[in-house]
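Notes to accompany the following structure.
The values are calculated or read from the model by the stated rules, or taken from the named source; none is laboratory data. The structure displayed is predicted, hence computed values, not measured ones. Counting neighbours? That spans all protein chains shown, and the Cβs are built from the backbone with ideal geometry, glycine included. For the accessible areas, the whole protein counts, side chains as well, though only heavy atoms, and no ligand, DNA or RNA atoms are used. Shrake-Rupley method; radii C 1.70, N 1.55, O 1.52, S 1.80 Å.
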Amino acid sequence: MAGLPRLVLLLSGKRKSGKDFVAEELQSRLGPDVCAILQLSGPLKEQYAKEHGLDFQRLLDASDYKETYRQDMIRWGEEKRNTDPGFFCRIVVESVTQPVWVVSDTRRLSDVEWFQDVYGAAVQLVRVVATEETRKRRNWVFVVGVDDAESECGLDQGVTFDWVITNDGDELSLDSQLEKLLHFIYSKL
């Protein structure tokens with residue numbers, strides 16, 4: 001690990017809730033020298049692509065290509081996590097030097113527990129929510145084996161979120177919520 005962060009924001013939420021959008025908004029307001037966006041799915045997808053002869057870059061975007069492999073990637077990732085719950089977490093933090101880390105795709109209790117065990121009080125849990133109607137406008141369709149799997153539902157209960165960001169397309173509301181979170185972030189720097 002390159003250095004200890006001042007703050008680790010673990011973003012979670014359903015598919016098409018806007019987790020990546022919120023992460024990018026935070027980074028754009030804080031600056032890339034202060035805020036790093038980390039994706040647990042990055043090392044998962046990279047290793048999965050290597051082992052299965054797939055295009056890693058295409059697995060990173062929001063394409064049909066990724067959706068084709070999503071269920072098998074979930075299964076494969078679960079096998080890795082069952083063997084070593086911190087496997088992907090350790091990889092993603094290896095060379096990060098910024099004081100604020102935004103993990104944009106926290107999906108499992110084991111991820112939350114790993115970050116809390118390693119970084120303690122620096123960790124804040126942030127839930128990004130959007131109505132089903134909003135998610136459908138963003139091209140979300142319920143997929144059996146994906147939307148009812150641990151990767152989507154693992155943090156629906158048993159976790160107390162420090163922040164809940166509602167991202168239903170109301171820019172003023174979102175901006176107000178992000179400003180409150182940014183005020184907190186600045187207080188930790």
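The residues neighbouring D55, those whose beta-carbon lies less than 12 Å from its own, together hold a net charge of +2 under the Lys/Arg +1, Asp/Glu -1 convention.
Close amide H contacts of V128 (hydrogens built in the peptide plane, cut-off under 5 Å, sequence separation of 5 or more or a different chain): S12, G13, I165. Each of L60 and T131 was given a label point 7 Å from its Cα along the Cα-to-Cβ line. The distance between the two points is 3.5 nm.
Dividing the C-alpha radius of gyration of the chain by 2.2 N^0.38 Å, with N its residue count, gives 1.00. Of the residues W114, W101, the one with the largest accessible area comes first in the ranking W114, W101, computed with a 1.4 Å probe on protein heavy atoms.
A quarter of the convex hull surface defined by the alpha-carbon atoms of region 1-55 gives 5.3 nm² as the mean projection. The spacing between region 1-61 and region 166-189, judged by their C-alpha centroids, is 19 Å. The fraction of Cα-Cα pairs per 5 angstrom bin, counted from 0 for region 56-126, comes to 3, 13, 21, 23, 19, 14, 6, 1 percent, rounded to whole percents.
The slack in the chain from I91 to R75, taken as 0.36 nm per residue of separation less the alpha-carbon distance, amounts to 3.9 nm. A crude spin-label estimate for the pair R29 and L109, with each label 7 Å from Cα along the Cβ direction, gives 3.2 nm.
So what's region 86-189 giving for Cα Rg divided by 2.2 N^0.38 Å, two decimals?
Here the Cα radius of gyration is 1.19 times the empirical estimate.
On full extension, the segment bounded by Q116 and S187 gains 23.6 nm, given 0.36 nm per residue less the C-alpha separation. With the simple model of a label 7 Å out from the Cα in the direction of the Cβ, K50 to D148 spans 3.5 nm. What the chain shows is 51 Å² of accessible area per residue, with the surface traced by a 1.4 Å probe over protein heavy atoms.
On the chain, 49 percent of the accessible area sits on carbon and sulfur atoms, based on a 1.4 Å probe.
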